[in-house]
Every structure is written in C-alpha cells, then in structure tokens.
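Structure, as structure tokens:
Every number here is computed from the coordinates shown, using simple stated rules; none is lab data. All values derive from a computational prediction rather than experimental measurement. In this analysis, Cβ positions are derived from the backbone assuming ideal geometry, glycine residues included, and neighbour counts consider all displayed protein chains.
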Amino acid sequence: METVGIVGTGVMGRTVGAAFLEHGLSVHGYDAFASCREKGRDMGIAMHGSLGELARATDRIILFLPGPTEIAACVSGPEGLLDSAAPGTVIIDMCTSAPHTTRDMAKAAKQKGVDYLDAPVLGRPATVGKWALPVGGDIEACRRVEPLLRLIAAHVVHMGDSGAGHKVKLLNQMMFGAINGMTAEMMAVAQKVGIEPGQLYDVITASQAGTVSNLFRELGQRVSDERYGDPTFTVALLAKDVRLGVDMAEQAGAPPLLGRTVDFLNRTSCAQGYGDEDTSVMWKCLGNLWKGGH
C-alpha cells in the first residue's frame, strides 16, 4: 500500500489526510499538539510519537506548519526529519513560508540525499481536489510526486527553483490581504454612513458585478451573519503571511504600498485581540480606530 506522511494534522493536514485516505493510501502523521494528534488518530491517520518515527515509516512527507521557524525546527533541527529520512525521500512543504528558509531547507536536505519541494496550497480547505499547487525545486522530484499531489489538486505547476512556489503563495496572500482589507473598510464605512453591512452584502452579491469575487462572498456572508469564531483563516495567520510577502518585496527592492497598509491593518487587528478570529472580523478593527479604540 502506498504511504504518505503529514507533519501537522491541523485543519489543512487533516483535510489532505482525509483525501488520501479516501484514495486508499496509508496515511502517517505527527503533530506536537495532543488535540491534533487525537483528531488525526480518530480519522484513521497512524499518528507517530516523533518526527523520526514518521520519517522511517514513509518516503513521502508533507508539511503543514505555521511558518519558517517551525519548519526549520521540524526539518533540520535536532531530532528533525532529516536525522531519520532515507535517501530518496521527498519532503513537500505545503506551508506558507519565507523563500530563503525554503532554500536553506532544500540545501540541508540535498546533503542527506533528500529532495525538498515547496508546493503551497492555493485554495480554501473546502475546495480540496480543485487546488492549484505552484511548485519550487527539482523538476524530476516534482514529476515523481505529481501523481500523489494530483489526488488533492487539479493543477500542479512547476514554477522554478527552490522557493519559487512560496514566492507565488506570498504574492497570492498579499492579494488576499488586500481584498480582505478593502472588504473590511467597505463594511465599516457602510455602518458609519448608515448602511447596514448585511444589506450592503446582499445587494452587491445580487448584482453579479465584477467586484463580487468568491472571497468577497465568503467574507461578506460572515460579516452579515456575525460569524467570526469558527475561522476559515485567522487574522494572525494572515498577518504572518502578508508580513512575509512585504519582507520579500522589500528585499527585492520593490517596497509595496498597498501591502504595507494591509500589514498595518492586520497587525492592528491582532493588537486589538482579533488574532484568533476569522479575517472577516477586521471591519470591527477599523470601527475601533475611528472611535479612538486601541
């Protein structure tokens, strides 16, 4: 039976785990948090007690971790994956991360005879199977794991050398942040001028205008329903992603104007205590600013 490992059995890890199980794969997992280990075990993932155990159980390992620090620790840190992974193993980094970290991990992996690909997800959890995966790294390694990736994605596109996939992801997240921020501002201004945000959402979506994107539909519906506590994507994660994108742009000599504004709004929302809520809550942050809130 074909095997695959998943490091990080949170929402995204369990989403791909379920898809692989449905296709008859033997899915192995590891997570540092007991709650995620339990949820993974309950759905049929063979959870391991260490990264080393996981690496010895499979030669295809997917990462779903919060960011560069956690990735580096799990891959090349003490008792990390590279301490136990066999030559020929392919590690597929599906996180949102800094391209320079990705390149460092790929170099460390190569020294152990391991391939390291960055293949971050473009898509929401509910659309698994329809995702697009921009891939960075060795093209032959990409071809070897493409059949596996096509079980969870409709499009697998090799973008270039190590880090290229993460560059695409960060650019996408900057656009996500801009749409999210503009939706927040529109809803907050609407309330300020006497238009009920839910009514505004209803009439705009009914128009089928070009401004009605899938993301706007999701964000606006959450604002209309006042539903922020069951996040599809948290403010804190968006803040992290956009900050990485802004850093990337600045390091390339292209300081982003809109990106910096979105970064400010994200960080301010976190400072106001909204970090663990859905990004649609950010319209409240603007209202607080206009009232002099902190």
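Results, tabulated for the structure shown:
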{"item": "Single residue of Thr69, Thr101, Thr96 found to be within 21 Å of the chain's Cα centre (by Cα) and free of Cβ contacts under 8 Å to residues at least 12 places away in the same chain", "result": "Thr69"}
{"item": "Subset of the range 76-135 [under 25 Å from Arg243 (Cα atoms), in contact with a Pro (Cβ under 9 Å, 6 or more places away or on another chain) and surrounded by fewer than 17 Cβ atoms within 10 Å (Cβ to Cβ)]", "result": "His100"}
{"item": "Search result, residues across the range 186-221 that are within 24 Å of the chain's Cα centre (by Cα) and assigned to a helix (DSSP H, G or I)", "result": "Asn214, Leu215, Phe216, Arg217, Glu218, Leu219, Gly220, Gln221"}
{"item": "Residue in the range 174-187 that is in contact with a Cys (Cβ under 8 Å, 6 or more places away or on another chain) and on the phi < 0 side of the Ramachandran plot present", "result": "yes"}
{"item": "Among residues of the range 181-233, those that are hydrophobic (A, V, I, L, M, F, W, C) and under 13 Å from Ser280 (Cβ atoms), counted", "result": "10"}
{"item": "Positions within the range 149-175 being surrounded by fewer than 18 Cβ atoms within 10 Å (Cβ to Cβ) and basic (Lys, Arg), in sequence order", "result": "Arg150"}
